[in-house]
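Shown next, in structure tokens, is the structure this report addresses.
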Amino acid sequence: MLSKRIIPCLDVDKGKVVKGVKFKELKDAGNPVELASLYSNEGADELVFLDISASLENRSTMVNLSKEVAKVIDIPFTVGGGIKSVEDAREILRNGADKISINTLAVKNPNSIKELSSEFGSQAVVVAIDAKFKSGSYEVFIYGGTLPTGIDVVTWAKEVETRGAGEILLTSIDRDGTKQGYDINLTKMVLDVVNIPVIASGGAGYPYHFLEVFRIGADAALAAGIFHRGEYRIKEIKEFLMKEGVQVRL
Amino acid sequence: MLVALVDTGVSNLTSLTNALSRLGASYEINSSKLLEANAIIIPGVGSYDAAAKKINLVRNFLLDAISKEIPILGICLGYQLLLESSEEGKEKGLGIFKGKAVKFSGVKVPHIGWNTLENLKEDKITEGIKENSYVYFVHSYYPLLEEDIALAKTTYGVSFASIAKKKTVYGFQFHPEKSGTVGLKLLENFLRLSK
């Protein structure tokens, strides 16, 4: 049976992981390659790297990172943040990443989704949607959650599927970093309208939160702080989920 | 140990070559010396027709390799190229395995993620692999075989042959190079077939 996936997310700035990482096992807590290897050994099903520096050098940084990460792990990984063209994506994929994640590019140039999926296959194209609750519905934000677009999340989710996205990475800006749990309402609304896998993101603080979001049908759950801060290990969460009857890879 | 990789032009080979290096094997991509290799791997992610056109160019070499008992492994699309045809395209496959690739229906497509190997049959390739081990899948079409050559099955809406074997030719529908320690073990078992 297909298992539910748990995906640690690493925010990378100028080649270093940010968002306090506390692991005794690591010599350099900011080293993304070292952390990737640790999470992979601990049972992560996939990894996501998001470049948040948005600097001019970020493309070459992420290309190098892909190359280094691919050498040390043997699970799939996604790279996103600041991908501005099909060329950027090609470089990252050619250097070992399995998928690229686009957000701002997809909104500003929706044709890019089709271009990328015809070139690399839809399985390599993750469209990230950053959502914020606003008077009864959810609005799509771009540029790292700073710019509202006026686009409705549910409408956009359907559109990205039609345009060839292979997966949706759905982040609740409201919940991000709060430890209050995934936005179940938001996640369910999107799950109801698309037929591609949905990765829930934003708000995971306790193992129970993973259970909640898997029970409504999310295919994967992404989390950062809960793992980086060392509050729960991936294995602990998976053991809890297994006891609750969720299919996980242990 | 030399492994010849038959690149159909649309694959990302980095993970696979990294895995081969970890196992201490050297490799050549699109080598002209296909028949001098100890083993042959046909990787593949991408569209069926483009890959089928390319694989048919080396069809005779592959048939020679089979008669010389050089182990061949088709991975993901590479496995589907071993079949007679695919619903994904019009080109003919190699026809080494009887059957065709058909699209999943009634489930989320693509089938992405970790799924289990069930009904494992004893073979050198499955040595040390436990029933219900997880491996990583990414595909929209699955092999529908017309002969009983499955060494493992996987269920996603339907049950399909996730590992198939005929003579010294193997097909893996999942990506061993992305499947952690289980995947590496399967690749190691494959490499050990040649000697």
Restricted to segment A:9-54 and to residues being modelled with pLDDT of 85 or more and assigned to a loop (DSSP other than H, G, I, E, B), the residue farthest from the other protein chains (Cβ to nearest Cβ) is A:N31
Within segment B:142-184, of all residues that are surrounded by fewer than 18 Cβ atoms within 10 Å (Cβ to Cβ) and within 14 Å of another protein chain (Cβ to nearest Cβ), the one farthest from B:A37 (Cα to Cα) is B:G157
Could you go through segment B:30-47 and let me know if any residue there is at pLDDT below 95, under 17 Å from the mean Cα position of the chain (by Cα) and of a type in the set (D, E, K, R).
no
Looking across segment A:70-82 at residues that are β-branched (V, I, T) and under 16 Å from the mean Cα position of the chain (by Cα), the single one that is farthest from B:S15 (Cα to Cα) is A:V79
Reported set for segment A:109-146 where residues are out of contact with any Lys or Arg (no Cβ under 6 Å at 6 or more places or on another chain), without any contact (Cβ under 8 Å) to a residue 40 or more places away in the chain and over 19 Å from A:R90 (Cβ atoms) is A:K134, A:S135, A:G136, A:S137, A:V140, A:I142, A:Y143, A:G145, A:T146
For segment B:20-42 the number of residues that are under 18 Å from B:D64 (Cα atoms) and part of a loop (DSSP other than H, G, I, E, B) is 6
The correct count of residues that are in a helix (DSSP H, G or I) and either away from chain B (no Cβ under 13 Å) or at pLDDT below 95 (or both) in segment A:235-250 is 7
Cβ pairs under 6 Å, 6+ apart or interchain, first in segment B:98-124 and more than 9 Å from chain A (Cβ to nearest Cβ) and within 19 Å of B:E146 (Cα to Cα), second among the hydrophobic types (A, V, I, L, M, F, W, C) and surrounded by 17 or more Cβ atoms within 10 Å (Cβ to Cβ), ordered by first then second residue, are B:G99/B:L83; B:G99/B:L145; B:K100/B:L83; B:A101/B:L83; B:L120/B:A152; B:K121/B:L151
If we keep only residues of segment B:125-141 that are closer than 19 Å to B:G44 by Cβ and aliphatic (A, V, I, L, M), then the residue nearest to the other protein chains (Cβ to nearest Cβ) is B:V138
Per the list (1) more than 11 Å from chain A (Cβ to nearest Cβ); (2) charged (D, E, K, R); (3) surrounded by 15 or more Cβ atoms within 10 Å (Cβ to Cβ), residue check on B:E36 breaks on (3)
Wholly inside segment A:77-171, strands (runs of 3 or more DSSP E) that include 1 or more residues that are within 14 Å of chain B (Cβ to nearest Cβ) are A:77-80, A:99-102, A:125-134
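The values are calculated or read from the model by the stated rules, or taken from the named source; none is laboratory data. Everything numeric in this text was worked out from a predicted model, so none of it was measured. Every residue, glycine among them, receives a Cβ derived from its backbone with ideal geometry; neighbour counts consider all protein chains shown.
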